[in-house]
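Enquirer: Please see the structure below; I have some questions.
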Amino acid sequence: MAEKIVKHQEEYTLDGSVDRRGRPAIRSKYGSWNAGILLLVNQGLATLAFFGVGVNLVLFLTRVMDQDNASAANNVSKWTGTVYLFSLLGAFLSDSYWGRYKTCAIFQVIFVIGLASLSLSSYLFLLKPTGCGDEKTPCGPQSTLHVSLFYVSIYLIALGNGGYQPTIATFGSDQFDEEHPVESRSKVAFFSYFYLALNLGSLFSNTFLGYYEDKGIWALGFWASTGSATLALILFLLGTPIYRHFTPKGNPFARFCQVLIAASRKSMVSLPSNHDHLYEVRGTDLADNGARKILHTDGFTFLDRAAVVTERDETKEAKSDSESSSRNLWRLCSVTQVEEVKCILRLLPIWLCTILYSVVFTQMTSLFVEQGAAMKTTVAGFHIPPASMSSFDILSVASFIFIYRRAIDPAVARLRKSGPLTELERMGVGLLIAVAAMLSAGGVERLRLRHARAECPTCPGSSDLSIFWQVPQYVLIGASEVFMYVGQLEFFNAQAPDGLKSFGSALSMTSISLGNYVSSLIVTIVMKVSTADDMPGWIPKNLNDGRLDMFYYLLAALTAADFVVYVVCARWYKYTRFEERSGRGSDEHLLI
């Protein structure tokens, strides 16, 4: 029997994952890097498709839809914010009902439909006359119906990509058993490679597609994005037989509300001096979230009352042999269920502190592009599309992921007794680098204004300063992403309860969402204040009349203040402690 148990533990995964038929997953047949690499390629192709639209959307709105710079930047920020806001919907459906595989498949189909609709509407209605939409040829006026179709298309893209993104990140990490010594290291590495695939996928969009779209060949760029998303969907479906899965755990909002109501009902009940007297599921049964139990932590003691067993609870339990039927979930919750709520409450301050970083990050797809368009964009007769400058951000991300994993992380581990940088420390480093990026962008803008052409200083795009002066700010943003966003993905995924893993990934996405909305709000406030007394404002249609550098310095100051708040929140944070799994947990599979 002992030999059978050892063989059983070697054959099956230990983290509770199953195959597509609900049977325990066999390690050698399902998941691991075979599935992981396929999902990384899927992510790269889907990202190529998304950024084929997103990276030049601000130029499409100004050149094709005839919007001014501030309005276009705001519309892009709102659209990008909506993309990541939909990640909450995808995470909810994934964790609660559909599971990660089904959620990924459905939202990718919506994504492809949105891209095809955008390609058709642009080609048939918006890009008239033929060849319009470049720097020189304006497009004709569009009807309300055609404009509405355009917005429906891009928001279908937002829905599809937003619902897919957090789920695919978690689904990819599901392919690695965190209870296995080798696969647990691969699971951590997967998040770095996932973010690398995301950036490499956008490299083609930011260079080749960006070049053609900048030349006014928008339809070709949009159709290329549609083809890439379709190929990504096909590859995802081809991997169906080899994926590992986790069963959805039910509505997390119901569990959350049960704790709040149960604690409120027992607001006058005294807490026991020993937390071991609080209610928890019995024996080796799985916790209420269908996975590991969460150990009790101090703090938010009011919520602990939800797990206090009163005389009424004991009387009712004694009347039934069935625990599930005897326990009123709206009066008595387990410690694990209470700790789920505590975990989310502790994550929220950290999450809120990442929003201002996302305000900095979103400038790459809006004001950085507009700043680049107002600089000298020709080198040896070759035109550099302003949006393609984000390729330096991508190269920076790829380089710093390698540098961090191979050099910085091992060096810090040797120098510090406490080991390498934690996820929280890495996120703090990312905030500091973001401050440097904004200072760099502000310095470049001051230089750009000084190099405005003497014969026409107020002409749009009249500065003689080369666009390559933007390289440092893009490189710094890329370096900050490696510390902030990779750290975020690892941190929220590791700290989220087992029944809320997709929600953990969605938190990092929604910080980008709110960052875009906050960016739009800041731009609106800045323009309202700076245009008083008939002034052109900091971000006018002609940047030579504005003070974009002051806007960048404002973001640097806000991010520095945010870093101070973040340090306080990070020191306050208490890590979630999970009960160790005892292997597969039963011999029932040996008897089948």
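The values are calculated or read from the model by the stated rules, or taken from the named source; none is laboratory data. Just so it is clear, the structure is predicted and the values come from calculations on it, not from any experiment. Neighbour counts are summed over all protein chains in view; Cβ atoms, including those assigned to glycine, are modelled from backbone coordinates with ideal geometry. When the accessible area is computed, the model is the full protein with side chains, heavy atoms only, and any ligands, DNA or RNA have been set aside. Shrake-Rupley method; radii C 1.70, N 1.55, O 1.52, S 1.80 Å.
Enquirer: Take the residue pairs LYS342/LYS574; LYS78/LYS541; LYS293/LYS574; LYS78/LYS376; LYS417/LYS501 and return only those whose Cα atoms are more than 21 Å apart.
Expert: Working: LYS342/LYS574 10 Å; LYS78/LYS541 19 Å; LYS293/LYS574 17 Å; LYS78/LYS376 29 Å; LYS417/LYS501 31 Å.
Violating the 21 Å Cα-Cα cut-off are LYS78/LYS376; LYS417/LYS501.
Enquirer: Can you list residues whose amide H is under 5 Å from HIS383's amide H, if they're 5+ apart or on another chain and H is modeled 1.01 Å from N?
Expert: none
Enquirer: Calculate how steeply helix 69-93 sits against the longest principal axis of the alpha-carbon atoms of the chain, using the helix alpha-carbon long axis, and give the answer as 0 to 90 degrees to the nearest 10.
Expert: 20 degrees
Enquirer: Report the label-to-label distance for SER466 and LEU295 in nanometres (one decimal), using points 7 Å from each Cα along the Cα→Cβ vector.
Expert: 5.8 nm
Enquirer: Can you work out ³J(HN,Hα) from phi for every residue in region 252-260, in order, using Karplus 6.51 cos²θ - 1.76 cosθ + 1.60 and θ = phi - 60°, giving whole Hz and x for Gly and Pro?
Expert: x, 5, 5, 5, 4, 5, 4, 5, 4
Enquirer: Something else now. Hey, any idea what % of the chain's accessible area is carbon plus sulfur with a 1.4 Å probe?
Expert: Details: 15700 of 24750 Å².
The nonpolar share, carbon plus sulfur, comes to 63 percent.
Enquirer: Quickly work out the ILE403-to-GLU311 label distance, labels modelled 7 Å from Cα along the C-beta direction, and quote it in nm with one decimal.
Expert: Rounded to a tenth, the inter-label distance reads 6.8 nm.
Enquirer: Keeping all protein chains in place and using 1.4 angstrom, which order do LYS266, LYS574 fall into by accessible surface area, from largest down?
Expert: The most accessible residue leads, giving LYS574, LYS266.
Enquirer: Sticking with this one: Tell me, what is the 1.4 Å probe accessible area of ARG20, in Å² to the nearest 10?
Expert: Here the accessible area works out near 140 Å².
Enquirer: Next up: Residues with amide H under 5 Å of PHE578's amide H, sequence separation 5 or more or different chain, H placed in the peptide plane at 1.01 Å from N; which?
Expert: Here the answer is LEU295, since their amide H atoms fall under 5 Å of that of PHE578.
Enquirer: How large is the helix-only mean residue ellipticity at 222 nm for the chain, computed as the sum of -39500 (n - 2.57) over DSSP H runs with n ≥ 4, divided by its residue count, in deg cm²/dmol to the nearest 500? List each step's numbers first, then the result.
Expert: Details: 23 runs with 362 residues, N = 592.
Rounded to the nearest 500, the figure is -20000 deg cm²/dmol.
Enquirer: Sticking with this one: For the chain, build the charge dipole from Cβ charges (+1 Lys, Arg; -1 Asp, Glu) around the Cα centre, then report which of GLY81, ILE384, GLY162 sits farthest towards its positive end.
Expert: With unit charges placed on the Cβ atoms, the residue in question is GLY162.
Enquirer: Any chance you could give the angle, 0 to 90 degrees and rounded to 10, that helix 32-54 forms with the longest Cα principal axis of the chain?
Expert: 30 degrees
Enquirer: Would you kindly state how much longer the chain becomes between GLU11 and ASN542 on full extension, computed as 0.36 nm times their sequence separation minus their alpha carbon distance, in nm to one decimal? Mind dumping the intermediate values first?
Expert: On the way: separation 531, 0.36 × 531 = 191.16 nm, distance 6.54 nm.
Between GLU11 and ASN542, full extension yields 184.6 nm more.
Enquirer: Let me spell out the model: positive unit charges on the Cβ of Lys and Arg, negative unit charges on the Cβ of Asp and Glu, origin at the Cα centre of region 68-146. What dipole size does that give, in debye rounded to 20?
Expert: About 200 debye.
Enquirer: Only Lys, Arg, Asp and Glu count, each charged at its Cβ (+1, +1, -1, -1), so figure out the dipole size of region 452-556 about its Cα centre, rounded to 20 debye.
Expert: Working: 5 positive and 9 negative charges, 32 e Å.
Approximately 160 debye in magnitude.
Enquirer: Once phi is turned into ³J(HN,Hα) by the Karplus curve 6.51 cos²θ - 1.76 cosθ + 1.60 with θ = phi - 60°, what whole-Hz value does each residue of region 97-110 show in order, with x for glycine and proline?
Expert: Karplus-based 3J(HN,Hα) across region 97-110 equals 10, 7, x, 6, 5, 5, 4, 4, 5, 5, 6, 5, 4, 4 Hz.
Enquirer: Something else: At 20 °C and a viscosity of 1.002 mPa s, what translational diffusion coefficient does Stokes-Einstein give for the chain, taking Rh as the Kirkwood radius over Cα pairs? Give it in µm²/s as a whole number. All intermediate terms of the calculation are to be shown ahead of the outcome.
Expert: Numbers: Rh = 25.7 Å.
Estimated diffusion coefficient is 83 µm²/s.
Enquirer: Here is a follow-up. With every protein chain in place, what's the accessible area of LEU39 (1.4 Å probe, Å², nearest 10)?
Expert: 0 Å²
Enquirer: Something else: For the chain, what is the accessible area per residue in Å², given a 1.4 Å probe and the full set of protein chains?
Expert: Details: 24750 Å² over 592 residues.
Roughly 42 Å² per residue, with all protein chains present.
Enquirer: Ignoring everything but the protein chains, give the 1.4 Å probe accessible area of GLU339 in square angstrom, nearest 10.
Expert: So the heavy atoms of GLU339 present about 0 Å² to solvent.
Enquirer: So what's the angle, to the nearest 10 degrees on a 0 to 90 scale, between helix 181-204 and the longest Cα principal axis of the chain?
Expert: Approximately 20 degrees, to the nearest 10.
Enquirer: Then there is this: Accessible area, 1.4 Å probe, largest first: how do VAL76, VAL188 sort?
Expert: On the way: VAL76 0, VAL188 70 Å².
Ranked from most to least accessible, the order is VAL188, VAL76.
Enquirer: Out of residues 5 or more away from THR247 or on other chains, whose amide H comes under 5 Å of its own, with H placed 1.01 Å from N in the peptide plane?
Expert: For THR247, no residues qualify.
Enquirer: Could you calculate the FRET efficiency of ASN328 with ARG571 from 1/(1 + (r/R0)^6), where r is the beta carbon distance between them and R0 is 51 Å, rounded to 0.05? Before the final figure, lay out the partial values.
Expert: Numbers: r = 39 Å, r/R0 = 0.76.
After rounding to 0.05, the efficiency reads 0.85.
Enquirer: May I pose another question? Return the distance in nm (one decimal) between the two label points of a simple spin-label model at ARG20 and LEU238, each offset 7 Å from Cα along Cα→Cβ.
Expert: Using points 7 Å along Cα→Cβ, the separation is 1.4 nm.
Enquirer: When the Kirkwood hydrodynamic radius is evaluated over all pairs of different C-alpha atoms of region 164-217, what value in angstrom, to one decimal, is obtained?
Expert: On the way: mean 1/r = 0.0771 Å⁻¹.
13.0 Å is the Kirkwood radius here.
Enquirer: Express the relative contact order of the chain as a whole percentage, based on alpha carbon pairs under 8 Å and six or more residues apart in sequence. Display every interim value, and only then the final one.
Expert: Working: 991 pairs, mean separation 128.7, N = 592.
Worked out over the chain, it gives 22 percent.
Enquirer: Could I ask something else about it? About its Cα centre, what dipole magnitude does the chain give when the only charges are +1 on Lys and Arg Cβ and -1 on Asp and Glu Cβ, stated in debye to the nearest 20?
Expert: 180 debye
Enquirer: Using +1 at the Cβ of each Lys and Arg and -1 at the Cβ of each Asp and Glu in the chain, identify which of SER173, VAL444, TYR566 lies farthest towards the dipole's positive end.
Expert: Toward the positive end, the furthest listed residue is SER173.
Enquirer: Which length gain, in nm to one decimal place, applies between SER71 and ILE217 when the Cα-Cα distance is subtracted from 0.36 nm times their residue separation?
Expert: Values: separation 146, 0.36 × 146 = 52.56 nm, distance 2.30 nm.
Taking SER71 through ILE217 to full extension adds about 50.3 nm, to one decimal.
Enquirer: Quick one: Karplus J couplings for region 412-419, per residue in order, coefficients 6.51, -1.76, 1.60, θ = phi - 60°, nearest Hz, x for Gly and Pro?
Expert: 5, 4, 6, 7, 9, 5, 7, x
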